[in-house]
Amino acid sequence: MKFSIKNKLFGANKFNAVKFGLAGGITLAVFFFFSTILALSNIPGYTGFCEIINMFYGPWGYSVSLLGALIGALYGFGDGFIVAFVFAWVYNKLIE
């Protein structure tokens with residue numbers, strides 16, 4: 001049996017990049033959706049965050065509204081999926 005520092009540190013466990021991407025996408029989609037709904041309810045602290053979301057996604061249809069919450073959830077899912085997928089893919093390449 002060959003001793004390897006890499007196997008000791010990482011255990012040679014790989015992420016399933018698609019499942020990791022789905023988890024990241026769903027998390028960010030739920031976060032964007034409920035943040036927008038809470039901003040609609042005038043809960044303190046959420047309006048500022050939704051203004052930041054609006055700076056990035058406003059030109060593509062996001063707004064603090066019910067339709068904006070759905071659009072924000074779609075953009076959140078897309079961005080969360082891509083970031084988490086790339087993270088898992090790079091991680092898997094580094095432990096090979």
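The values are calculated or read from the model by the stated rules, or taken from the named source; none is laboratory data. Model, not experiment: these values are computed from the prediction. Backbone-built Cβ (ideal geometry, glycine too); neighbour counts: all protein chains shown.
Would it be correct to say that GLY25 is touching a Gly at 6+ places or on another chain (Cβ under 8 Å), at pLDDT 85 or above and either charged (D, E, K, R) or surrounded by fewer than 16 Cβ atoms within 10 Å (Cβ to Cβ) (or both)? Even if it seems obvious, please write down each step before you answer.
Values: touching a Gly at 6+ places or on another chain (Cβ under 8 Å): yes; at pLDDT 85 or above: yes; either charged (D, E, K, R) or surrounded by fewer than 16 Cβ atoms within 10 Å (Cβ to Cβ) (or both): no.
Against the criterion (touching a Gly at 6+ places or on another chain (Cβ under 8 Å), at pLDDT 85 or above and either charged (D, E, K, R) or surrounded by fewer than 16 Cβ atoms within 10 Å (Cβ to Cβ) (or both)), GLY25 does not qualify.
Provide a single number: the residues in the stretch 61-75 that are β-branched (Val, Ile, Thr) and in a loop (DSSP other than H, G, I, E, B).
So the first thing to find is which residues in the stretch 61-75 are β-branched (Val, Ile, Thr), and the list is 64, 71.
Those still in the list that are in a loop (DSSP other than H, G, I, E, B) too: 64.
So the answer is 1.
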| note | Flagged in the stretch 30-53 as over 15 Å from ASP79 (Cα atoms) and surrounded by 12 or more Cβ atoms within 10 Å (Cβ to Cβ), in numbering order, are PHE34, SER35, THR36, ILE37, LEU38, ALA39, LEU40, TYR46, THR47, PHE49, CYS50, GLU51
